[in-house]
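Single-structure report; data block below.
A short reminder: the numbers here are calculations on the coordinates, not readings from a lab. The model shown is predicted, which means the values in this text are computed figures rather than measured ones. With ideal geometry, Cβ positions are generated from the backbone for all residues, glycine too; neighbour counts draw on all protein chains shown.
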Amino acid sequence: MHKLIRRKAGRKRLRMAVSYGLKGFERRGFTMNISPTGIAIRTSQVFPPGTRLVIRLEAGESMHTGCGTVRWAKQVPPLLVNYTHCGMGIEFTELSPSLKEFLERLEQKESRPKHS
C-alpha cells in the first residue's frame, strides 16, 4: 500500500516561461504552479520520473536557475497541451541565490494579511 506524501509547502498558481533540459536549457514550457520545494511545468516534452534536470525561470528581465528531479510526468501530443493536464512536476534539489530569493518573495506575498 502506498503512503500519501504531503507537500512541504503550498503551491502558488503562476504562469512564467521556463527553459529546462538534461544539461542545458534546450526545452521550453510554462509554469502551472510553483512553491519553495518545486514547480509544475506545462509542456509536451517531458522526461521520466527520477530524471535530474536544470531549470531556468524567466521572470521579466530576470533569469533564475536551479536543478530538480522529475517526480511525475504526463505526456500528450503537442496539439493537446492547452486542453488537458500534462507536463511534469519537479522537486527542487538546488537553487541559485536569485531563485531562492524569488521563491521567498513569492511566499511572503502569499502570507501577507489581506486588508479590507
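Just the number, please: Stokes-Einstein D of the stretch 12-110 in µm²/s, Kirkwood Rh from C-alpha pairs, 25 °C, 0.890 mPa s. Numbers along the way, then the final one.
Working: Rh = 13.3 Å.
Rounded to a whole number, D works out at 184 µm²/s.
Among the aspartates and glutamates, which have Cα under 13 Å from the Cα of K109 when same-chain residues fewer than 8 positions away are ignored? Output for K109: E101. For the chain, the relative contact order comes to 22 percent (Cα pairs under 8 Å, sequence separation of at least 6). By the count of neighbouring beta-carbon atoms within 10 Å, fewest first, R56, R28, R105 end up ordered R105, R28, R56. One chain, two ends: K109 and L80. Fully extended at 0.36 nm per residue, the span grows by 7.2 nm beyond their Cα-Cα distance.
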